[in-house]
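The values are calculated or read from the model by the stated rules, or taken from the named source; none is laboratory data. Since this is a predicted model, take the numbers as computed values, not measurements. Cβ coordinates were reconstructed from backbone atoms using ideal geometry, including for glycine residues, and neighbour counts include every protein chain displayed. Areas reflect the complete protein model, heavy atoms only, side chains present, ligands, DNA and RNA absent. Shrake-Rupley method; radii C 1.70, N 1.55, O 1.52, S 1.80 Å.
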Amino acid sequence: MKGIQRYTEEELVASLQSRSQAGFSYLYDHYAGALFGLVRSIVPDEVVAGDVLQEVFVKVWRNIDAYDPARGRLFTWMLQIARSSSLDMLRSKGWRNSQLNNSFDDTHIGQAGSTQLPLKDAGLRKIMQSLKTEHKEILELSYFQGYTQEEIARILEMPVGTVKTRLRAALTLLRKMIPG
Amino acid sequence: MDIQAYIESGAIESCVMGMADEQEQALLASLRVQYPEVEKAFRDIETWYAARSMDGEIRVPALHKEKLLAVISSPVDSKTESKPLLAKEAILRKQLKKWQWAAAAALIVCIASAVTGIYYYQQYRATRQSFLSLLLEQQTARNQDLIQQTRLQELTAQVTQLTDTAVQKIVLSGVKGKEENRVTLFWNRRTSELMLLSNRLPQAPVGKQYQLWAIVNGKPQNAGLLQNCNEFCYLSTNSNAQAFAITLEKTGGSEEPTLTEMLVLGQVKS
């Protein structure tokens, strides 16, 4: 984390709940980079990913009262919002249409290849690269593409139970690669 | 239930990372309350997930924060969803960008066709101008041709006239003091026509005219004024002249020649 931490998590949550812009600014400074990394690992387009990130922070700001510390850390909650917002974007009609027409888009022409692929060289995606194909595949479908276990079972033509087991095995291996 | 096996199964990771279904989430919530080791494992996994997410941190353009602070500062009810989501706005903006591209492309096509139009119009004008010039040249050439033909006919007629056996050539030479002057007469004795060729005769001064005299038995008879001459002046005399002379007279001619103004004189060879 960057800078000198001035807030404990409880203080930060309390600050956000009291609609403190200073608290929000601190939240952004400390978590935007990591959240953007997650969003960019799912949303290929840098500009759209930037807007998803913005949406994530607006959701956090507007829904801070719904955050329940008993269910997990603030950052875990924010990561879940970031991941689900990114997946929602990939499923949106607007995004799909924009992908159909993307040959007309200047961003695609100007920066093809550099901004149009999800980031693979950072975070979980980076660690994932050393896993076996069957584990990589299931993490890609589940975590980065947001398919449910039932959907993955249909895609990979295997029982849901096998999907569940394989996913858990992949996660255990992933965690063992870089513990702590 | 084997709690240790549960902890090591990866089930908690799948819940923390959002890949588990509601049933699995509910089971974890329940086990966390019941088993401190599950709670500890949950906290460890959260820490691990947070650390790995921090590893994936990337730079965010500074502009995003400014825009975001402006959004959260706006007096919008924090619970309402009436405001379009920013990501949707982004897509709309992308689509708008496409329209801008399309509009720009259409504009370029318009300008290109206008430029092409102007170019072809100018080409048309230039071609039309060239065509009119050619038409004019052709007309001029035709006129020239007609002139030449007429001239040729004239010359042919003159040659015919001059080569008539009845034609007598009389050379009028400059008189004393005016030797540089010279005129040739072709006299058709049969038709009385006179063709006068002014070889060397100065331009008559203003108000004066040359007059031809036929000298019959020493007396001058008016044989006409030298006017409307091209190569030849056409005159006539039905006299039986022995000589011809030209004097400079007032415009309109005189009854009697001004002898001091005589320029040329020539005898008719019998």
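Every listed requirement among (1) in contact with a Phe, Trp or Tyr (Cβ under 6 Å, 6 or more places away or on another chain); (2) open to solvent by 90 Å² or more (accessible area, probe 1.4 Å) is met by B:Ile246 save one, (2). Residues in region A:22-38 that are free of Cβ contacts under 8 Å to residues at least 60 places away in the same chain, within 7 Å of chain B (Cβ to nearest Cβ) and either at positive phi or not small (Gly, Ala, Ser) (or both): A:Phe24, A:Tyr28, A:Phe36. If you go through region B:1-32 one residue at a time, how many are in contact with an Asp or Glu (Cβ under 8 Å, 6 or more places away or on another chain) and over 15 Å from A:Arg168 (Cβ atoms)? The number of residues fulfilling the criteria is 2. Being within 30 Å of B:Glu193 (Cβ to Cβ), away from every other protein chain (no Cβ under 14 Å) and open to solvent by 60 Å² or more (accessible area, probe 1.4 Å) holds for only one residue in B:Thr127, B:Thr150, B:Thr140, and it is B:Thr150. Per the listing B:Val175, B:Val183, B:Val206, B:Val216, the residue uniquely surrounded by fewer than 14 Cβ atoms within 10 Å (Cβ to Cβ) and either more than 20 Å from B:Glu249 (Cβ to Cβ) or aliphatic (A, V, I, L, M) (or both) is B:Val206. Which of the residues that make up region A:68-81 are more than 9 Å from every other protein chain (Cβ to nearest Cβ) and crowded, with 17+ Cβ neighbours inside 10 Å? Result: A:Leu74, A:Trp77, A:Met78, A:Ile81.
Across region B:17-37, the number of residues qualifying as surrounded by fewer than 22 Cβ atoms within 10 Å (Cβ to Cβ) and either touching a Ser or Thr at 6+ places or on another chain (Cβ under 6 Å) or of a type in the set (Phe, Trp, Tyr) (or both) comes to 1. Checking each residue in region B:1-39 for being outside any helix (DSSP H, G or I) and either under 60 Å from the mean Cα position of the chain (by Cα) or more than 10 Å from chain A (Cβ to nearest Cβ) (or both) picks out B:Met1, B:Asp2, B:Tyr35. Considering region A:44-58, the residues that are of a type outside the set (A, V, I, L, M) and touching a Leu at 6+ places or on another chain (Cβ under 9 Å) include one that is surrounded by the fewest Cβ atoms within 10 Å (Cβ to Cβ), namely A:Pro44.
For region B:38-49, the criterion of being more than 27 Å from A:Leu87 (Cα to Cα), open to solvent by 50 Å² or more (accessible area, probe 1.4 Å) and either hydroxyl-bearing (Ser, Thr, Tyr) or in contact (Cβ under 8 Å) with a residue 12 or more places away in the chain (or both) is satisfied by no residue at all. Entry remark, region B:99-124: residues being open to solvent by less than 100 Å² (accessible area, probe 1.4 Å) and under 27 Å from A:Ser98 (Cα atoms) number 7 in total. Out of A:Ile178, A:Ile155, one residue alone is away from chain B (no Cβ under 12 Å) and either on the phi > 0 side of the Ramachandran plot or open to solvent by 20 Å² or more (accessible area, probe 1.4 Å) (or both). It is A:Ile155.
Hey, can you tell me all the residues within region B:186-203 that are open to solvent by less than 20 Å² (accessible area, probe 1.4 Å) and touching a Phe, Trp or Tyr at 6+ places or on another chain (Cβ under 7 Å)? Listed by number, the residues that qualify are B:Leu194, B:Met195, B:Leu196. Restricting A:Ser15, A:Ser86, A:Ser41 to residues that are at the interface with chain B (Cβ under 7 Å from one of its Cβ atoms), surrounded by 17 or more Cβ atoms within 10 Å (Cβ to Cβ) and not aliphatic (A, V, I, L, M) narrows the list to A:Ser41.
Of everything in region B:50-66 that is open to solvent by 60 Å² or more (accessible area, probe 1.4 Å) and under 13 Å from A:Gly33 (Cα atoms), the residue that is farthest from the other protein chains (Cβ to nearest Cβ) is B:Ala62.
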